[in-house]
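Beneath this line is the structure, given in structure tokens, with notes to follow.
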Amino acid sequence: MGKYSPLRSYLEAQDKNRIAMTFEEIERLLETRLPASKKYPAWWSNNPSNNPMTKEWLAAGFQTEEVDIAGERLTFTRIGVSGSDVGTAGFGEKSQSDYTVPPKRHPLFGRLKGVITLAPGVDLTEPPDTDLADYLDRKYGPEAGN
């Protein structure tokens, strides 16, 4: 049984689809203080690779919504009940399953690979002139060096 398992057990026992809680209520339930990172919205995101507590509420079938960091409160909503696009109401994230699909690339992506070659020793980041001071004077004016 993990540190955040009591939250999972509590959520699984609920028959409501929306459960509003304060951070203090969660701490009482867990019998420990939440980490300092609770003040960052990312801590409450529904990304299962984010932190161990996220895995517990997701495993219970809930996601976070209406997270109010300043007011230290949030709402757990049963997944599949709140809306048509699950996972977007919290912080604009898609559900984790959307992340596993490889991104679709344009059909021309990579078509020019190998077409353009650079001569050895060419540095595309260097100024066009070898005299940097002269180059800067022409580009930004002589007072730029002062």
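The numbers here are math on the coordinates, done by the rules we state, and not lab data. Here the structure is a predicted model, which means the values were calculated and not measured. Virtual Cβ from ideal backbone geometry, glycine too; neighbours counted across all protein chains shown.
Scanning residues 5 or more positions from ARG73 or on other chains, those with amide H under 5 Å from its amide H are PHE23, ASP68, with H placed 1.01 Å from N in the peptide plane. The modelled label-to-label distance for the pair GLU31/GLU126, using points 7 Å beyond Cα in the direction of Cβ, is 6.8 nm. Overall, the anisotropy analysis places the range 8-51 in the oblate class: the square-rooted eigenvalues a ≥ b ≥ c of its C-alpha gyration tensor yield a/c not less than 1.5, with a/b not exceeding b/c.
Using a Förster distance of 25 angstrom, determine the FRET efficiency expected from the C-beta separation of ALA13 and ASP68, and round it to 0.05. That gives a FRET efficiency of 0.55.
Ordering of 43-51, 2-10, 65-73, 28-36 by packing is 43-51, 2-10, 65-73, 28-36, highest average first (other Cβ atoms within 10 Å, averaged per residue). Derived scalar couplings between HN and Hα for the range 45-54 equal 5, 9, 8, x, 8, 6, 7, x, 5, 4 Hz in order, rounded to whole Hz, by the Karplus curve 6.51 cos²θ - 1.76 cosθ + 1.60 (θ = phi - 60°), x for Gly and Pro. Note on LYS38/ARG105: beta-carbon distance plugged into 1/(1 + (r/R0)^6) with R0 of 35 Å gives a FRET efficiency of 0.40.
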